[in-house]
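S.K.: Shown below is the structure under consideration.
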Amino acid sequence: MINVAVIAHVDAGKSTLVDAFLAQSHVFGEHEEIVEQVMDSNDLERERGITIYSKNCSVFYKDYKINIVDTPGHADFSSEVERIIKTVDTVILLVDSAEGPMPQTRFVLKKSLEQGLKPILLINKIDKQDSRVSEVIDEVYDLFLDLNANDEQLDFPILYGIARDGIVRYEVEDTNNDIIPLFETIISHVEPYPDLRGEPLKMQVSALAYDDYIGRIGIGRVYGGIIKANENVKVVNSNGKKENRKIANLFNYQGLKRTAINEAQCGDIVLISGIENIEIGDTVGAENVEPMPQIAIEEPTMSMNFMVNTSPFQGQSGKYVTSRNIRERLEKELEVNVGLRVEETDSTDTFKVSGRGELHLSILLENMRREGYEIGVSRPEVIFKRIEGRLCEPIEEVICSVPNDYSGSIINMLNLRKGQMIDIQDEGSYTKIIYHAATRSLLGFRSDFINTTKGEGILVRRFIEYAPYVGEIPQRENGALISTDTGKAMTYALWNIQDRGQLFISPQTEVYEGMIVGVSSKNQDIEVNPLKNKKMTAVRSTGNDEAMKLVPPKIFSLEEALEFINDDELVEITPAAIRLRKRYLTNLDRRKHMREMRSAAEEEEK
């Protein structure tokens, strides 16, 4: 038995390679429909084309059972990756033949090398026109050396493939059209897990799942002995406390299916149910089992407040709108999402939710929205720490690959955000720019980057460390266009308003007082009435009315909306719409709040 994880940066072809594993090991039935990226089973994964959750499957080759883990490639889901690495015997490092190693490649490879694993390098997409295989291999060697790989790890096998076509070859010039070389390399490069069936049972939980019928499920590798269904076991938690528990159900993966089994032997990845409060890192074993080293999970770096939706349109499209509904949903998410933290606040209607980044939190919000929840969300805030008495904040590495014409603008934008240039490289018609910048300064940067580069740039970010506070960073420069009334927006009103900035709504959109209907061209908020219609009179004009042409409105995705808002604004998230609004809806309330803020600031100065 051999356990293998497929690791890579976003869009390098991990899920496509797993498709090839499954297809060529005859997992699918003769009449079964084969779906691309079959492991990306979540709706959001399919829509966005990314892997969000680690998933398992298994295939058989010759006399070997190979458990395969498909891991996320995005830095926000790094907590999924680092736990999985502990359960595998080797990793297949997938690198794009044109892009080479990317920031997330460094992160997942570092975790693998720290565990002492000996990776297999697969250069994917060798059929690309801009493929540069030999240079990419040199870059991978440099990366291994940079990460202090030992001599054994540096002696990694290299394969070449086109995962989309299910092809892996020993040499680029080979002509085979299957992935047999990859199966053979796994078998020859990795020693199967030793036979420790005679030893006492020892298993460690590395992931969690939840089932509405059987409750919480612990997923992990059996390191010694044999594990059985309906078996009484000892569970040792992170504090060393031992408890007697009983395994109700035992499962493993056969192909893509979770299959109930009676027993499993050491080396296999299994799922157990019946232990209510089981946690990541818990050791399950026989009477005198010694706890295994705890699995460290990286701390959240960003938080935002989830609150009850208080807009005038509350409850129009959502089923779950109360604080009790939101609390129960967040508690359910904590069962499986170990990178998440939820804290109570002074208000019973507000919860502080912390995660690994904007994407990590926005994926949760998008799932809740689709399930029928209505929520108000504040601007994301970074989580500060005090290290050796100094205030520190999260710093990210930003890699921008942009057409040469836009490089100066991007450098200027990052300098204004108090970023520090690390490197700049000429790549023909493109320039590669590497910066270190505070996470706080990068809120809203992605949409500015896309607009500046006309969608032609590539932006990659990853968290690297906590560093001393970099000082004040300016927020959004432009003000908002705020509706003064509630009702349906009219073409005539919007035609007059569009001269003052860019609109976010179209005619007949339902708006309410305090809702943000556009961004102002000035650096101050402007109140507008989008309901105002042209007055009807009995007097006919001699000329024709001027045609009222509206500029298409800017439609926000959830991530863009979260990046756009300022501290005094909220995003209203409902199943039917994503709206932007002021925290205080009426002009009177906003002015009253401003006076209170000034008074508090003056008191503090005294």
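S.K.: Just give me the residues in the range 377-396 being small (Gly, Ala, Ser) and open to solvent by less than 40 Å² (accessible area, probe 1.4 Å), in sequence order. Spell out how you get there, then give the answer.
M.R.: Within the range 377-396, the first condition is being small (Gly, Ala, Ser), and the residues that meet it are 378, 389.
Ser378 - this is the single residue of the range 377-396 that is small (Gly, Ala, Ser) and open to solvent by less than 40 Å² (accessible area, probe 1.4 Å).
S.K.: Having 3 or more residues that are within 29 Å of Thr431 (Cα to Cα) is the bar; report the strands (runs of 3 or more DSSP E) wholly within the range 359-420 that clear it. Steps first, please.
M.R.: On the way: elements: 375-378, 385-387, 390-403.
Qualifying strands (runs of 3 or more DSSP E): 390-403.
S.K.: Keeping to the range 583-604, report how many residues are part of a helix (DSSP H, G or I), open to solvent by less than 100 Å² (accessible area, probe 1.4 Å) and among the aliphatic types (A, V, I, L, M).
M.R.: Qualifying residue count, the range 583-604: 3.
S.K.: Could you please tell me which pairs satisfy a Cβ distance under 7 Å, a separation of 6+ or placement on different chains, a first residue in the range 460-474 that is under 19 Å from Gly355 (Cα atoms), and a second residue that is open to solvent by 60 Å² or more (accessible area, probe 1.4 Å) and in a strand (DSSP E or B)?
M.R.: Tyr466/Lys385; Tyr466/Ile387
S.K.: For the range 120-138, which positions are in contact (Cβ under 8 Å) with a residue 40 or more places away in the chain and either in contact with a Phe, Trp or Tyr (Cβ under 9 Å, 6 or more places away or on another chain) or outside any loop (DSSP other than H, G, I, E, B) (or both)? Can you show your working first?
M.R.: Within the range 120-138, the first condition is being in contact (Cβ under 8 Å) with a residue 40 or more places away in the chain, and the residues that meet it are 120, 122, 124-126, 136.
Correct list: Ile120, Leu122, Asn124, Ile126, Val136.
S.K.: Moving to a separate point now. Of the numbered conditions (1) in contact with a helix residue (DSSP H, G or I) (Cβ under 9 Å, 6 or more places away or on another chain); (2) surrounded by fewer than 12 Cβ atoms within 10 Å (Cβ to Cβ), Ile573 fails exactly one; give the number of that condition.
M.R.: Result: Ile573 fails condition (2) only.
S.K.: Let me ask something else about it. Filter the range 496-528 down to the residues that are part of a loop (DSSP other than H, G, I, E, B) and either free of Cβ contacts under 8 Å to residues at least 12 places away in the same chain or open to solvent by less than 60 Å² (accessible area, probe 1.4 Å) (or both) and list them by number. Outline the logic, then answer.
M.R.: Here is the first cut: in the range 496-528, the residues part of a loop (DSSP other than H, G, I, E, B) are 504-509, 512-514, 521-525.
Passing the criteria: Phe504, Ile505, Ser506, Pro507, Thr509, Tyr512, Gly514.
S.K.: Please indicate, with yes or no, whether at least one residue in the range 477-495 is under 18 Å from Ser447 (Cα atoms), without any contact (Cβ under 8 Å) to a residue 60 or more places away in the chain, assigned to a strand (DSSP E or B) and of a type in the set (A, V, I, L, M, F, W, C). Spell out how you get there, then give the answer.
M.R.: Of all residues in the range 477-495, those under 18 Å from Ser447 (Cα atoms) come to 477-480.
Filter once more, keeping what is without any contact (Cβ under 8 Å) to a residue 60 or more places away in the chain: 477-479.
Subset that is assigned to a strand (DSSP E or B): none.
There is no residue in the range 477-495 that is under 18 Å from Ser447 (Cα atoms), without any contact (Cβ under 8 Å) to a residue 60 or more places away in the chain, assigned to a strand (DSSP E or B) and of a type in the set (A, V, I, L, M, F, W, C).
S.K.: Consider only pairs whose beta carbons are under 9 Å apart and that are at least six residues apart or on different chains; among these, list those whose first residue lies in the range 149-168 and is of a type in the set (D, E, K, R) and whose second residue is surrounded by 15 or more Cβ atoms within 10 Å (Cβ to Cβ) and in a strand (DSSP E or B).
M.R.: Every condition considered, the pairs that remain are Arg164/Asn124.
S.K.: Out of the residues in the range 315-331 meeting the condition of being closer than 27 Å to Leu208 by Cα and touching a residue at least 12 places away in the same chain (Cβ under 8 Å), tell me which one is surrounded by the most Cβ atoms within 10 Å (Cβ to Cβ). Reasoning before the result, please.
M.R.: Of the residues in the range 315-331, the ones closer than 27 Å to Leu208 by Cα are 320, 323-331.
Subsequent filtering for residues that are touching a residue at least 12 places away in the same chain (Cβ under 8 Å) retains 320, 323, 325-327, 329-330.
On the way: Tyr320: 17, Ser323: 15, Asn325: 18, Ile326: 24, Arg327: 16, Arg329: 19, Leu330: 17.
In this case the residue turns out to be Ile326.
S.K.: Checking Arg476 against (1) among the charged types (D, E, K, R); (2) surrounded by 14 or more Cβ atoms within 10 Å (Cβ to Cβ); (3) modelled with pLDDT of 85 or more, which test does it fail?
M.R.: It is condition (3) that Arg476 fails.
S.K.: To continue, here is another question. Would you tally the residues in the range 366-376 being under 11 Å from Glu333 (Cβ atoms) and open to solvent by less than 20 Å² (accessible area, probe 1.4 Å)?
M.R.: Number of matching residues: 1.
S.K.: Could you tell me how many of the residues in the range 418-433 are closer than 27 Å to Cys392 by Cα and surrounded by fewer than 19 Cβ atoms within 10 Å (Cβ to Cβ)? If you could, list the steps in order and put the result at the bottom.
M.R.: Pass one, the range 418-433, residues closer than 27 Å to Cys392 by Cα: 418-424, 433.
Still in the running and surrounded by fewer than 19 Cβ atoms within 10 Å (Cβ to Cβ): 418, 420-424.
Qualifying residue count for the region: 6.
S.K.: Now a separate question. Pairs needed: first member in the range 207-220, more than 13 Å from Leu334 (Cβ to Cβ) and outside any strand (DSSP E or B); second member anywhere, modelled with pLDDT of 80 or more and open to solvent by less than 30 Å² (accessible area, probe 1.4 Å); C-beta distance under 6 Å; at least 6 residues apart or different chains.
M.R.: Ile214/Ser273
S.K.: Hey, could you check the range 339-349 for residues that are open to solvent by 20 Å² or more (accessible area, probe 1.4 Å) and either hydroxyl-bearing (Ser, Thr, Tyr) or in a loop (DSSP other than H, G, I, E, B) (or both) and say which is farthest from Pro575 (Cα to Cα)? Walk me through how you get there before you give the answer.
M.R.: In the first step, residues of the range 339-349 are kept if they are open to solvent by 20 Å² or more (accessible area, probe 1.4 Å); the result is 341-349.
Pick out the ones that are also either hydroxyl-bearing (Ser, Thr, Tyr) or in a loop (DSSP other than H, G, I, E, B) (or both) and you get 345-349.
Numbers: Thr345: 25, Asp346: 27, Ser347: 24, Thr348: 23, Asp349: 20 Å.
Selected residue: Asp346.
S.K.: Among what's in the range 120-177 and is open to solvent by 60 Å² or more (accessible area, probe 1.4 Å) and in contact with a Ser or Thr (Cβ under 6 Å, 6 or more places away or on another chain), pick the residue that is farthest from Glu191 (Cα to Cα).
M.R.: Lys128
S.K.: Please go through (1) more than 29 Å from Ile399 (Cα to Cα); (2) free of Cβ contacts under 8 Å to residues at least 40 places away in the same chain; (3) buried (at least 20 other Cβ atoms within 10 Å of the Cβ) for Glu184 and return the number of the only condition it doesn't satisfy.
M.R.: Just one mismatch for Glu184, condition (3).
S.K.: Filter the range 300-314 down to residues that are part of a loop (DSSP other than H, G, I, E, B) and either open to solvent by 60 Å² or more (accessible area, probe 1.4 Å) or modelled with pLDDT under 90 (or both) and give me whichever is nearest to Asp349 (Cα to Cα). Break it down into steps so the answer makes sense when it comes.
M.R.: The initial filter retains those residues of the range 300-314 that are part of a loop (DSSP other than H, G, I, E, B), namely 300-301, 309-314.
In the following step, the residues that additionally are either open to solvent by 60 Å² or more (accessible area, probe 1.4 Å) or modelled with pLDDT under 90 (or both) were identified as 300-301, 310, 312, 314.
Values: Pro300: 22, Thr301: 23, Thr310: 10, Pro312: 17, Gln314: 14 Å.
This residue is Thr310.
The values are calculated or read from the model by the stated rules, or taken from the named source; none is laboratory data. All values derive from a computational prediction rather than experimental measurement. All Cβ positions, glycine included, derive from the backbone under ideal geometry; neighbour counts span all protein chains shown. Surface areas here come from the heavy atoms of the whole protein model, side chains and all, with no ligands, DNA or RNA. Shrake-Rupley method; radii C 1.70, N 1.55, O 1.52, S 1.80 Å.
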